[in-house]
Amino acid sequence: MSFNTKLFLFWLAGVVIGPVVRAALPVAGLWIYAVWVGGPIVFWAIRAFFTMDLGTSNYSHWDIQKAREEGRQQGYNNGYHNGRNS
């Protein structure tokens, strides 16, 4: 079972237990419910933010420069650069 699955089951238990506790303890129950529901949501949001792919690639600066130089060596009479850039 993955960590996310365990965390989801933990959260689900809180969603089920939360209203029961809230009914038994009207004031404290609201705080318990907020922690059970809000805690994992905040955790998932922070985790998603820090594990986000920022659009970086495996190509280094030098790979890109090399490709540009190879394009220059081919001249401007092929592909997109056909002399009129059209």
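Bear in mind that the values in this text are calculations on the coordinates, not laboratory data. Only a predicted model underlies this, so the values are computations on that prediction, with no experimental measurement involved. All Cβ positions, even for glycine, are placed from backbone atoms using ideal geometry, and neighbour counts span all protein chains on display.
In table form, for the structure just shown:
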{"quantity": "Protection proxy ranking of 2-9, 40-47 - average other beta-carbon atoms within 10 Å, highest first", "calculated": "40-47, 2-9"}
{"quantity": "Estimated inter-spin distance, Asn58 and Phe3, nm [label 7 Å along Cα→Cβ]", "calculated": "2.4 nm"}
{"quantity": "Added length on full extension, which subtracts the Cα-Cα distance from 0.36 nm per residue, Val35 to Ala48", "calculated": "2.8 nm"}
{"quantity": "Net charge, Ser60 excluded, C-beta distance under 15 Å - Lys, Arg +1, Asp, Glu -1", "calculated": "0"}
{"quantity": "Extension gain, Leu12 back to Ala67 (0.36 nm per residue minus Cα-Cα distance, nm)", "calculated": "14.6 nm"}
